[in-house]
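J.: Handing you a structure now.
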Amino acid sequence: QPILDGLRWLGIDWDEGPEAGGPCGPYHQSQRRDIYAAAVESLLASGKAYKDFAAPEEIQAEREAAQAEKRPFVYSRRFMAETPEDEARFRAQGRLPVVRLKIPREGKLVIHDLIRGDVEFDWSQEQDHVIRRSDGSVLYHLASAVDDHAMGITHVIRAEEHLSNTPRQVFILQALGHEPPQFAHLPFVAEPGSKTKLSKRKLEKYLKNRDFAELMDLGRGIARRIGLAASDDLFNPVVVDFYRIVGFLPEAVVNYLALLGWSLDDRTEHFSRRELIAAFSLDRVNKAPAAFDPKKLMAFQQRHMQQLPLAERAEAAIPYLRQAGWIPADLGPEVHERVRRVVEAAGDRLRVAGEILNYPEFFLPYEQLEFDPKAAEKHLQAAGAAELLARAAETLAEVEPFLPAPLEEALHKFAENEGIKIGGIIHPLRVALTGRTVGLGLFETLAILGKSEVAARLEAARRRFGSRAEQ
């Protein structure tokens with residue numbers, strides 16, 4: 001289900017299959033056991049498969065002997081039931097059979113891969129792979145090959161690590177009298193700065209990469225604010241769901257992933273999903289793996305995010321504010337407008353939708369804001385700080401309209417009259433209003449909070465910190 005959910009989120013839909021239905025169902029292997037059982041019986045009847053009664057430890061002993069003699073392991077087939085009498089004898093010993101493919105011991109198989117060209121396999125290097133366990137359940141290779149034919153699959157496009165599986169699947173299809181589909185094996189996505197396959201189980205290793213660690217820190221911060229337990233097993237930048245949770249745009253993720261091993265031309269990097277569908281072809285897929293680059297992925301995300309209309313960026317941010325409990329479920333026009341204005345003021349600093357949670361000062365009650373103690377001591381508890389803020393509050397109360405440009409003009413005049421640099425009032429005001437020294441531009445912050453909220457916060461800051469300055 002997570003795979004289907006991830007595809008849905010990315011906008012990669014399917015015409016037929018699980019959830020969509022279609023004429024070739026059922027689409028769950030657990031519901032196709034009779035189909036697989038019939039295929040196994042057909043392979044047994046044609047001599048392309050056999051019942052094997054070897055115990056696992058007996059197979060392992062043969063494997064170890066081959067290693068000791070430094071020769072390739074090839075199963076001896078000494079526990080193959082060639083006749084009903086063999087089967088009866090093995091069963092009398094308490095043995096239960098698996099079913100194995102009877103792979104040729106000589107000759108070669110050449111497969112034309114649409115990406116890699118002709119690929120040659122030596123049958124003598126192939127094993128008699130198990131296709132049915134002793135409990136009657138079938139293995140992936142049998143089910144996959146049978147389903148490909150039954151569902152009319154013409155092209156099998158998959159990761160290159162499945163290339164080695166191809167001979168046994170071609171053998172199954174041909175043994176059943178079916179024409180194999182065309183194969184195309186895609187390069188895998190490699191670790192950052194490496195040619196080793198990316199794996200969700202190596203998160204600790206990847207966190208030593210600065211860009212990867214920054215991406216993970218971003219995600220953990222957002223997850224923490226919306227109340228998600230960001231465990232490494234479930235919350236991992238190697239997993240698609242990480243990007244959905246954090247607030248990446250699916251269009252940006254698809255755009256970036258498409259370029260890991262494929263290119264439209266030598267110039268074009270940014271395109272929509274529709275443009276990708278129109279342009280994609282297997283002949284421009286590379287054979288070599290491409291390394292995952294968190295920094296480049298974020299650059300794609302930022303570009304796609306900034307191309308969205310303001311209203312859509314605001315809508316993308318709202319679910320995070322709701323999940324964090326910062327805004328009510330039923331948005332009134334005032335709250336909706338505040339979200340829009342914060343998103344607009346944040347501009348390209350809002351790289352992913354979840355980063356709206358970097359601005360609690362616009363959504364939390366003032367008494368719930370966390371104050372940076374060092375910033376408060378420096379800007380609010382210094383000698384004369386309370387009086388300076390009181391005079392600034394009087395100036396701000398006279399500004400009309402309460403918009404960024406008039407506010408900037410008024411505060412520059414205020415600083416000039418006070419004989420201080422503009423930073424001498426901007427920093428105290430920012431800390432008094434938001435509890436910290438960083439955030440959106442001060443003039444935008446003032447305008448978004450509004451005149452009455454600014455006045456109330458400055459008075460609260462004076463009461464909270466001014467008395468300490470007098471001590």
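J.: Set the Förster distance to 56 Å, then compute FRET efficiency between H155 and R463 from the Cβ-Cβ distance, nearest 0.05. If you can, show how the numbers build up before the last one.
T.: Working: r = 71 Å, r/R0 = 1.27.
Efficiency at R0 = 56 Å is approximately 0.20.
J.: Volume per residue, Å³, of the convex hull around the alpha-carbon atoms of the range 285-376?
T.: 151
J.: Based on DSSP H runs of at least 4 residues, each adding -39500 (n - 2.57), what is the mean residue ellipticity at 222 nm of the chain after dividing by all its residues, to the nearest 500 deg cm²/dmol?
T.: Details: 21 runs with 220 residues, N = 471.
Result for the chain: -14000 deg cm²/dmol, rounded to the nearest 500.
J.: Mind giving me the FRET efficiency for K197 and S452? R0 is 60 Å, r the Cβ-Cβ distance, nearest 0.05 is fine. All intermediate terms of the calculation are to be shown ahead of the outcome.
T.: On the way: r = 58 Å, r/R0 = 0.96.
Result of the calculation: an efficiency of 0.55.
J.: Do the alpha carbons of any pairs in K202/K296; K48/K70; K296/K421; K70/K108; K374/K451 sit beyond 32 Å of each other, and which pairs?
T.: Long pairs (Cα-Cα over 32 Å): K296/K421.
J.: How would you rank 241-249, 125-133, highest first, on the average number of other Cβ atoms within 10 Å across their residues?
T.: 241-249, 125-133
J.: With a ≥ b ≥ c the root eigenvalues of the C-alpha gyration tensor of the range 34-166, is it rounded (a/c under 1.5), prolate (a/b larger than b/c) or oblate?
T.: Oblate, because a/c is 1.5 or more while a/b does not exceed b/c.
J.: What is the extension gain from E367 to R267, computed as 0.36 nm multiplied by their sequence separation minus the C-alpha to C-alpha distance, in nm to one decimal?
T.: Details: separation 100, 0.36 × 100 = 36.00 nm, distance 5.21 nm.
Here the segment from E367 to R267 would lengthen by 30.8 nm.
J.: Here is a follow-up. Contour minus end-to-end for E275 and A390, with contour as 0.36 nm per residue of separation and end-to-end as the Cα-Cα distance?
T.: Separation in residues times 0.36 nm, less the Cα-Cα distance, equals 35.7 nm.
J.: Here's a follow-up. Work out how much length R303 to A66 would gain on full extension: take 0.36 nm times their residue separation and subtract the Cα-Cα distance, in nm to one decimal. It would help to have the intermediate numbers written out before the result.
T.: On the way: separation 237, 0.36 × 237 = 85.32 nm, distance 5.66 nm.
That works out to 79.7 nm of additional length.
J.: Using R₀ = 35 Å, calculate the FRET efficiency as 1/(1 + (r/R₀)^6) where r is the Cβ-Cβ separation of R133 and K205; round to 0.05. Kindly include the intermediate steps, with their values, before the conclusion.
T.: Working: r = 34 Å, r/R0 = 0.98.
Given R0 = 35 Å and the Cβ-Cβ separation, E is 0.55.
J.: Computed from these coordinates, which is P(r) over Cα pairs in 20 Å bins from 0, in percent: (i) 18, 37, 25, 14, 6, 0; (ii) 19, 45, 31, 5, 0; (iii) 22, 59, 18, 0?
T.: The value computed from this structure is option (i).
J.: Further question on the same structure: Of the GluC sites (Glu not before Pro) in the range 375-415, which ones lie in a loop per DSSP and count no more than 10 other C-beta atoms within 10 Å?
T.: Counting only loop positions with at most 10 other Cβ atoms within 10 Å, the GluC sites (Glu not before Pro) in the range 375-415 are E398.
J.: May I pose another question? What ranking, highest mean first, results for peptides 65-78, 422-435 when packing means the other Cβ atoms within 10 Å averaged over each residue?
T.: Going by the mean number of other Cβ atoms within 10 Å, highest first, we get 422-435, 65-78.
J.: On to the next question. Please report the spacing between the Cα centers of the range 320-354 and the range 45-121 in Å, no decimals.
T.: Rounded to whole Å, the Cα centres lie 62 Å apart.
J.: Still on this model: So what is the relative contact order for the chain, in percent, with contacts set as C-alpha pairs under 8 Å and at least six apart?
T.: Contact order relative to length: 10 percent.
Any read-out appearing in this document is the output of simple, stated calculations on the displayed coordinates, not a laboratory observation. Nothing here was measured: the structure is a model prediction, and the numbers come from that model. Cβ coordinates were reconstructed from backbone atoms using ideal geometry, including for glycine residues, and neighbour counts include every protein chain displayed.
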